Amino acid sequence: MEFFVQQFVNALQLGSLYALIALGYTMVYGVLLLINFAHGDIFMVGAFLGVFGSITLDLPFVPTLVLSMVLTGLLGVGIERVAYKPLRQASRLSVVITALGVGLLLENGMLALTGANPRSYPQTFITTRVYDIGGVAISNVKIIIIVLAALLFAGLYTIVQRTKWGMAMRAISYDKFAVPLMGVSQDQIISLTFLLGTGLAAAGGILWGVAFPVLNPYMGLRVGWKAFVAAVVGGIGDIRGAAAGGLLLGFIEIFVPAYGDSIGISSTWRDPIAFGLLLIILVVRPTGLFGVARRQKV
Amino acid sequence: MTLLQINRLSHYFGGLLAVDNLNLTIEEGELIGLIGPNGAGKTTVFNLVTGAYRASEGEILFRGEDLVGKPPHAINARGISRTFQTIRLWNMMSVLDNVRIAHHGQINYTLAEAFLRLPRYRREEREIEERSMDLLRLFKLERYAQEPVKNLPYGQQRRVEIVRAMAARPQLLLLDEPAAGMNPQEISALMDFIHWIRDEFHLTIWLIEHQMRLVMNICERIKVLDFGATIADGTPEEIRNNPQVIEAYLGEQAEVH
Amino acid sequence: MSTTANRTFSLGGLVVLVCALVIAIAVVGLPWLALEDDSTVTATDLIADTEGELDVPARITNTFLVVVPVGALAAGILALWGMLAPRHNRAVSTLVLLVGLVLVGYYYGTFFYEDHVNDSTSATEFVRSGFFVALVAGLGLIAQAALPRANPGVAGNPLVRPVPVEAAGPVALPQNWRWPFAWLRARLSPLTRRIAGYLALSRIPVLAYLVGMLAATELERREGQAFSRLLGFRRVPSLFGSTELLEPFSKLDFSGILAPFFPSPTDTYDAPLRASWEALRQLGEDFVYALTSHGAREPGFLKVLLHVVEYDLIIFIIPVLIVALLLRKPSNALLLRLPSWAGLTLQIVVLYGVVSHWGALNDYRGLVLIYMGVNIMLAISLNLVNGYMGEFSVGHAGFMAVGAYVASILTMWLFIDERVFGDAVLSVPDWALPIGFLIALIAGGVAAALAGLLVAFPSFRTRGDYLAIVTLAVNFIVTGVLNNISAIGGARGLNGVPLWTNVRWIFVLTILSVLAIHHLVSSTFGKGIVAIREDEIAAEQMGVHTRRVKLVAFLVSSFIAGMSGGLFAHVLAYVNPGVFGILKSTEALVMVYLGGMGSISGSVIAAVLFTILIEAFRPLAVLKWVVIPLILILLMIYRPQGLFGFREMTLNLKGLKEDGPDVLKEASDDAAAD
């Protein structure tokens, strides 16, 4: 039982991290119908900016988090303006390929400009304390990650559901031609979407760096694809789906090796299993858990 | 002889009843019209017949064989061909290729023969090309044969769509609003054209149309749908005087000021 | 407003004209200037003097070295720019001109400024460079002036803008005078049309070009060594000099620029800003040095560039053009007389001659040729799905992985003795090994095709983004599973794959793949694939058995990808799952979109270019994967259709009738239409 609770908390932690990153994928897809393949690398930039804030500027945790979210958000908006906006009238494939290119550019550019040494946050960033609750050891880091992720998700959900801006975002995903006619600036809404989505990725990046303290320019690759799987499994375009998909993936990745070892499934199988799950879900329910099929008109 | 017989055909989109208990018999050589206000379910009927949608209930008998559940290409191969409400040509391809591809059901060569370009492949390809060119000549489109179809004017694209439908050697041709976007003179020409096709190819034609002049002039029998249900059935003269039809099109008297 | 535009362009034209004059004067006047004191040096002597034996006064050389090449190169750049990018705006072409001027000015200016040219420097070394530039520039100018245009105004040459309507009429003639080129073109056009019609490079049969290439490779085999030593290369440039080109930049280190801001636990920086600035300054210094680095042992980029251009012009381009022009008529006549299959076979045989002859020079070339073949197969097979069928497969490397592993396992297990699977299971005589290899490759292809079913079946229900995700998932599943099977090495990979792939294998299989895909998409059945892209619903309603067509497309595509994987494994000798990750899939995508969707010739050319590009960027190390995505992004923004989007390159494969004037007229019309 203790083992189960322990793994449950671990899964919750990993799942909320995936969910935070998946939100960015899903928001951009919801508004632009664009799979932003650069998102995982934006997550990496966010984590690196955490190093900048905590070591170079010597800031405590919360200001570092805010700084990284703001800077990364602006980077996201900048990428959209420079690379994606000129292609808004072009075929969607061109934009997706551009996104792949931007991702490669970010990770390799980061490698070229900062060198290959692995980074980590300073010891004083978050002082780790471990609480023993009924035989289960839970560190404050895990609690902070889970609570922060939940808070950020709740904040985003409120913005999308309750505010005028959120309404405009949802409206654009239905009809991107009609919304500008209603007096809402499409560009502003898209920028806002990128700002929020990449800001959340930055938060995910810093929390990831706290939980798994090795940062390198390619860290976004794996995590990014995983979060992407989460977004698709949840039904890309739906933010509740991203959260659910992220948690689901987190649980699979933790529980498969935790209980699979006894039946001969080692932890290295979790990638194929995660992607196999994705494949099955796509075949059985092509639009994901929360996605709604759009009927093609004959 | 009965070509197409539709019995108790119903179709739902989720909870919405799009076609409600449709019954229809089409004899060989007939020219039949299907009319009704927007959203009455006319195109849905065509989609059910051609297999784009699978009917929720009922049967569609073509020469006595039930088509429900058959894939579209199989239905096409049995001799039902159609055009679309909005032009759906393969835009980047040439006019000739558009017609050639519609011969897909008549290909007998195997893939290996295509890779190796064996004699049967060559012969069939030559036959398909010759037949496509013959059709284009018949419809006076041969000078556009190599032109990408998207470069053709609207009226010619409509013609190409009909040629493409003829490539499958249909016995029943479904025309979905052939006169859409045409002016009165073009409609007159279209009426002659439809008659000519029927006589030239010995076809049965079933068409959906909003242009009453065209429907009333060329159709021998007309069926009127509203909200999926049949509200009238008969000759043009009967339809013209049917109060239910007038109501469906114009609304109730009281609402008309 | 329109007058300012006119004036700008008349200035631009004037610059070109002046530069042309400078070149002319330089060529004629060099001996005269050099002959200041009774020597008998001529221009040709100077150019031919590679040993630096001639003694030319430094003062004269200096002036010459600065004025002539700068003018010549500026003119050449401007003229070439006008040809290459006719539709770009004034600001861009001005910028190009300025950058060219600054670079060249800097390069030659340093000699002047630092008084580098002294008695010990071989003056002629620089003179020769300058004159080759002048040669290129002159060619550019001639082409610029001679290129027939249907409508010079609309074609948008930056130097020639349409005459404004109000300015037409009585003042039109003087205005024409202000544009030297418009005037020149009007005068020369009857003549140049004839010349261009006669040259009509696109009407020369491919056969003639191939024979030209054969001659060029033979020339290289005989003279390449001596000539490259003459130019200062340590060995014969392997890939047309492209690998030598970026070598000077290999020592640049960018990592210091941002590293101070993102310190790793082991580094400490007191003043990150200053450290970063220092790194940036050092980088700038290194860059300038890499660009010019005269006097040092390693030549700078500009010098290498000039030498590479010289080498390629003299060994390849000029001989190929000469032979092609000479052989135009006979090869046309020959091809017309032969049946089409015989003509095609002849061309393939000659192509094989060119490829093997060129590749025989050294092992590196052979290796690059094999990579090219693998990339061509990969690109065309992906193009079948992405370009012709309009789906978006992003996991093509997964099929390659299946093919690579299955083929390697079979050859290692069955035919050779090694450590992973032990001794060979079958004892086959040596002569039968190629058959075994072929069977293993086909088995790899079949296995990959079976993996293709994983994508083909979902494609019946999903398309677009969701299918893209399926392909991605398949890629990850394949590499993930391979990572976990310890019997075949797991993540460590499979070592000891026999090195059986050679140029002959790759040539034959690449040609077969190209033919297979070409035959597929040009058949009525295969055109159904394109119909699915254009309108899937219309396709199935018009009798296309869409499921069958999709199945065939995915199977053929993954089969060829699997074969390419098998070939790839047998040249690497060592395969591991990491090779076939998403990066490899991205490479395949880059090739397809660089070449253009729905174009086989585009994919082939893109694969060849991409392979060379990858090799050329090798010295840049990490930066390679910064430059390639940048190219991709710029391509998507400025030319989203790729080199040949949805059309094929027009090749004269079957010969054309030579009917005197008619052909010429037609050809010049063609050229004008371009």
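Of these, C:PHE559, C:PHE554, C:PHE525, which one is in contact with a helix residue (DSSP H, G or I) (Cβ under 9 Å, 6 or more places away or on another chain), in a helix (DSSP H, G or I), surrounded by 20 or more Cβ atoms within 10 Å (Cβ to Cβ) and within 7 Å of chain B (Cβ to nearest Cβ)? Working first, answer last.
Values: C:PHE559 fails: within 7 Å of chain B (Cβ to nearest Cβ); C:PHE554 fails: within 7 Å of chain B (Cβ to nearest Cβ).
Checking each option against the conditions leaves just C:PHE525.
Quick check: anything in segment C:396-404 farther than 30 Å from C:GLY598 by Cβ and part of a helix (DSSP H, G or I)? It would help to see each step written out before you state the result.
From segment C:396-404, those farther than 30 Å from C:GLY598 by Cβ are none; that's our starting set.
Among the residues of segment C:396-404, not one is farther than 30 Å from C:GLY598 by Cβ and part of a helix (DSSP H, G or I), which makes the answer no.
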Apart from one, (1) crowded, with 16+ Cβ neighbours inside 10 Å; (2) modelled with pLDDT under 90; (3) part of a helix (DSSP H, G or I) all hold for C:LEU361; the odd one out is (3)
For this session: Kindly indicate whether any position in segment B:123-145 is on the phi > 0 side of the Ramachandran plot and crowded, with 16+ Cβ neighbours inside 10 Å.
Result: no
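Is it true that some residue in segment C:588-595 is more than 30 Å from A:PRO272 (Cβ to Cβ) and not assigned by TED's automatic domain parsing to the domain that holds C:SER557? Let's see the steps before the verdict.
Here is the first cut: in segment C:588-595, the ones more than 30 Å from A:PRO272 (Cβ to Cβ) are C:594-595.
Retained after the next criterion (residues that are not assigned by TED's automatic domain parsing to the domain that holds C:SER557): C:594-595.
Yes, because at least one residue in segment C:588-595 is more than 30 Å from A:PRO272 (Cβ to Cβ) and not assigned by TED's automatic domain parsing to the domain that holds C:SER557.
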Checking A:VAL147, A:VAL130, A:VAL136 in turn, the sole residue that is farther than 30 Å from C:VAL626 by Cβ, without any contact (Cβ under 8 Å) to a residue 24 or more places away in the chain, more than 14 Å from chain C (Cβ to nearest Cβ) and over 24 Å from the mean Cα position of the chain (by Cα) turns out to be A:VAL130
- Task: Determine if segment C:378-401 includes at least one residue that is surrounded by fewer than 24 Cβ atoms within 10 Å (Cβ to Cβ), free of Cβ contacts under 8 Å to residues at least 24 places away in the same chain and more than 20 Å from the chain's Cα centre (by Cα).
- Result: no
Exception for C:ILE439 within (1) surrounded by fewer than 18 Cβ atoms within 10 Å (Cβ to Cβ); (2) within 12 Å of chain A (Cβ to nearest Cβ); (3) over 30 Å from C:VAL544 (Cα atoms) falls at (2)
Residue count, segment C:535-551, condition of a type in the set (Gly, Ala, Ser), assigned to a helix (DSSP H, G or I) and at the interface with chain B (Cβ under 7 Å from one of its Cβ atoms), comes to 1
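Yes/no per residue for (1) polar (S, T, N, Q); (2) crowded, with 23+ Cβ neighbours inside 10 Å; (3) facing chain B (nearest Cβ under 8 Å):
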position: C:GLY489; (1), (2), (3): no, no, no
position: C:GLY496; (1), (2), (3): no, no, no
position: C:ALA516; (1), (2), (3): no, no, yes
position: C:ILE529; (1), (2), (3): no, yes, no
In segment B:64-82, anything at the interface with chain C (Cβ under 7 Å from one of its Cβ atoms) and touching a Lys or Arg at 6+ places or on another chain (Cβ under 9 Å) is listed as B:HIS73, B:ASN76
Selection from segment B:38-63 of residues within 12 Å of chain A (Cβ to nearest Cβ) and of a type outside the set (Val, Ile, Thr) yields B:PHE46, B:ASN47, B:LEU48, B:GLY51, B:ALA52, B:TYR53
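Could you say which residue among B:GLY29, B:GLY41, B:GLY79, B:GLY51 is touching a strand residue (DSSP E or B) at 6+ places or on another chain (Cβ under 8 Å), more than 21 Å from B:ARG158 (Cα to Cα) and buried (at least 16 other Cβ atoms within 10 Å of the Cβ)? Show your work before the answer.
Working: B:GLY29 fails: buried (at least 16 other Cβ atoms within 10 Å of the Cβ); B:GLY79 fails: more than 21 Å from B:ARG158 (Cα to Cα); B:GLY51 fails: touching a strand residue (DSSP E or B) at 6+ places or on another chain (Cβ under 8 Å).
When all the criteria are applied, what remains is B:GLY41.
So is B:LEU190 crowded, with 20+ Cβ neighbours inside 10 Å and either out of contact with any Gly (no Cβ under 7 Å at 6 or more places or on another chain) or within 30 Å of B:SER132 (Cα to Cα) (or both) or not?
Numbers: crowded, with 20+ Cβ neighbours inside 10 Å: yes; either out of contact with any Gly (no Cβ under 7 Å at 6 or more places or on another chain) or within 30 Å of B:SER132 (Cα to Cα) (or both): yes.
Spelling it out, B:LEU190 is indeed crowded, with 20+ Cβ neighbours inside 10 Å and either out of contact with any Gly (no Cβ under 7 Å at 6 or more places or on another chain) or within 30 Å of B:SER132 (Cα to Cα) (or both).
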Inside segment C:590-625, the number of residues satisfying the requirement of being surrounded by fewer than 24 Cβ atoms within 10 Å (Cβ to Cβ), modelled with pLDDT under 90 and out of contact with any Phe, Trp or Tyr (no Cβ under 9 Å at 6 or more places or on another chain) is 2
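Across segment A:171-210, which residue is modelled with the lowest pLDDT among those that are small (Gly, Ala, Ser) and within 15 Å of A:ILE159 (Cα to Cα)? Please lay out each step first, then the result.
Here is the first cut: in segment A:171-210, the ones small (Gly, Ala, Ser) are A:171, A:173, A:178, A:183, A:185, A:191, A:197, A:199, A:201-205, A:209.
Checking which are within 15 Å of A:ILE159 (Cα to Cα) leaves us with A:171, A:191, A:197, A:199.
On the way: A:ALA171: 83, A:SER191: 92, A:GLY197: 93, A:GLY199: 95.
Ranking the qualifying residues of segment A:171-210, first place goes to A:ALA171.
Taking the condition crowded, with 24+ Cβ neighbours inside 10 Å, closer than 23 Å to C:ILE469 by Cβ and within 14 Å of chain C (Cβ to nearest Cβ), does A:MET27 pass? Full working, then the answer.
Numbers: crowded, with 24+ Cβ neighbours inside 10 Å: yes; closer than 23 Å to C:ILE469 by Cβ: yes; within 14 Å of chain C (Cβ to nearest Cβ): no.
So A:MET27 fails the test.
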Looking at this structure, is C:GLU298 in a helix (DSSP H, G or I) and more than 14 Å from chain A (Cβ to nearest Cβ)?
no
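Each row is one residue, and each column tells you yes or no for (1) surrounded by fewer than 23 Cβ atoms within 10 Å (Cβ to Cβ); (2) at the interface with chain C (Cβ under 8 Å from one of its Cβ atoms); (3) closer than 19 Å to A:LEU148 by Cβ; (4) at pLDDT 90 or above.
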residue	(1), (2), (3), (4)
A:PRO63	yes, no, yes, yes
A:VAL66	yes, no, yes, yes
A:LEU75	yes, no, no, yes
A:GLU80	no, no, no, yes
A:LEU87	yes, yes, no, no
A:SER94	yes, yes, no, no
A:ILE97	no, yes, no, no
A:VAL102	no, yes, no, yes
A:THR114	no, yes, no, no
Within segment A:278-295, of all residues that are over 18 Å from A:GLU253 (Cβ atoms) and facing another protein chain (nearest Cβ under 7 Å), the one modelled with the lowest pLDDT is A:PRO286
B:GLY181 meets each of (1) at negative phi; (2) among the small types (Gly, Ala, Ser); (3) loosely packed, with under 15 Cβ neighbours inside 10 Å with one exception, condition (1)
Those residues of segment C:245-261 which are assigned to a helix (DSSP H, G or I), more than 27 Å from the chain's Cα centre (by Cα) and not hydrophobic (A, V, I, L, M, F, W, C) amount to C:PRO260
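The values are calculated or read from the model by the stated rules, or taken from the named source; none is laboratory data. Everything numeric here is computed off the predicted structure, so don't read it as measured data. Quick reminder, even Gly has a Cβ in these numbers, built from the backbone with ideal geometry, and neighbours come from all protein chains shown.
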